[in-house]
Structures are given as structure tokens and as C-alpha cells.
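Colleague: Here it is, the structure, as C-alpha cells.
The values are calculated or read from the model by the stated rules, or taken from the named source; none is laboratory data. Source: prediction; values computed, not measured. Neighbour counts are summed over all protein chains in view; Cβ atoms, including those assigned to glycine, are modelled from backbone coordinates with ideal geometry. All accessible areas refer to the heavy atoms of the entire protein, side chains included, with ligands and DNA or RNA removed. Shrake-Rupley method; radii C 1.70, N 1.55, O 1.52, S 1.80 Å.
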Amino acid sequence: MNAVNGDLFGRDGAREPWSEWLGSGTVLLHGFATTDAAAILADLARIIETSPFRHMVIVDGRPMSVAMTNCGALGWLSDTAGYRYSSFDPQSSHRWPPMPDSFSNLARAAAIQAGFSSFTPDACLINRYAVGARMSLHQDKDERDFRAPIVSVSLGLPAVFLLGGAKRTERAQRLALIHGDVLVWGGQDRLRYHGVQPLKAGCHPLLGDARINLTFRQAG
Ligand code: SIN
Ligand code: FE2
């Protein structure tokens, strides 16, 4: 074995997952989802057959640049009435597709790595970024109980993630999130502001010119 690569790279040359703490309750699990990505994307293809990506509108009627769908018992919604969770996909009036085991197992394992041993996600918001799509700085605060963390999985094209503090005015750190990275924030850090800068053009071998983000939450 190559002594230099021995610690950081697996036998196939892929980088081994490693954890980077970014706060008392915030950890970036580099490469944590890489092995499961293909299975997750196969399950995602089935989800979007019944609940396709759509551009939800915000309260003033303007569409978001990020396309979204959900799986799990609850799905996050935005429309002219505001933000909320619902058991039903308003496009079909049916329940959101169930959360596949590949999704929930990954989310639970990531939460455990971050020290949240009882995370049981009931909602997975699925965000699809085309080139130029962005998400402005916000807090995740539509959930009932803030004791559970947020588990956020990045797939496809890399993104610049803005990791702020508890106040909007706190200077945000810029994180490069690449395919397979999982960011977890909870506990004291649960209400950190965060956002995503406009997606840069590129071509990812599995997802082409897109980035997919899975955001797992315990919402209900
Ligand atoms: C979100 O905050 O809902 C999405 C974050 C991301 O796309 O990384
Ligand atoms: Fe968010």
C-alpha cells in the first residue's frame, strides 16, 4: 500500500469519509454518502414518477429557482399562503411517496456521527438546482421541535454553501459541498442561517448539469 495514500484513500483510490466539526453542533461528513449515492438516485427516480420536481412559489407569487419535491410522511411546501408541512402533495392530492430505506438509513447514520442518536426523520425535502439556481439565507424553523438536527446530503455538481450563525447579520462561512458530502447541524446550532450560492455550470458523471440536495428533518 502507498504510505502517503494509506490513511486518506481506500483501495479503489476513493477518499475515505472524514468528519470536520464546524461548531459545537455542526459537522461536515465529507464523502459520507458517496457509496450509497447510486442506490439513492435510483430510489429518487421512482419518487419523481409520482411526485415530480416543481418550482414552488413564495408568498408574493414568485417561483423559487430551486425545483423541489418531497418524500416521507410530511413534505415541506411553499405557496402564496406561506411555508408549512403537509402529508399530501398538492399536485396529486395523494400522500408524498414514502421515504426509501436508502434515504432514512443514511440520514440516521449521519446523525449518529454528529452525536444525535435518536434522529427519526419524517420529512425529506428534495431540492434540484439547475445552473444558476440558488437559495437565499434562511433558517429551518417550520418544524415542531428543534431538538432534532437537520441532515443535508449533497449530490451531483458542487455548490458553495453559506453557513451563517444564529443571526442573519453574522458573517457566513463559505463551504464547498461536493457529491457525497453530508452536513449535519443541530443542538445549539439548529437555527443557524444557511443558503446556497448560484450553481456554477459543470457536468457531473451521475447527474449531469444538476445538483440534488436531500434535507432530512423531524418535522411533525
Ligand atoms: C435547504 O436549506 O433547504 C437546502 C440546502 C442545500 O441545498 O444544500
Ligand atoms: Fe434550509
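Colleague: Only one of (1) over 26 Å from Gln188 (Cα atoms); (2) within 16 Å of ligand 1 (Cβ to nearest atom) is not met by Ser86, so which one is it?
Modeller: (2)
Colleague: Another question, then. Just to be sure before I move on: is Phe146 within 16 Å of ligand 2 (Cβ to nearest atom) and over 16 Å from the mean Cα position of the chain (by Cα) in the structure I sent?
Modeller: Yes.
Colleague: If I go through the stretch 192-213 residue by residue, how many of them are outside any strand (DSSP E or B) and either more than 11 Å from ligand 1 (Cβ to nearest atom) or open to solvent by 40 Å² or more (accessible area, probe 1.4 Å) (or both)? Before the answer, list the steps.
Modeller: Filtering the stretch 192-213 for residues outside any strand (DSSP E or B) gives 192-193, 197-203, 205-207, 209-210.
This time we only want the ones that are either more than 11 Å from ligand 1 (Cβ to nearest atom) or open to solvent by 40 Å² or more (accessible area, probe 1.4 Å) (or both), so: 197-198, 200-203, 205-207, 209-210.
Matching residues across the stretch 192-213 total 11.
Colleague: Please verify whether the stretch 158-174 includes one or more residues that are buried (at least 20 other Cβ atoms within 10 Å of the Cβ), within 16 Å of ligand 2 (Cβ to nearest atom) and among the aromatic types (Phe, Trp, Tyr).
Modeller: yes
Colleague: Report yes if Leu183 is open to solvent by less than 10 Å² (accessible area, probe 1.4 Å), within 13 Å of the chain's Cα centre (by Cα) and of a type outside the set (Gly, Ala, Ser), otherwise no.
Modeller: Answer is yes for this residue.
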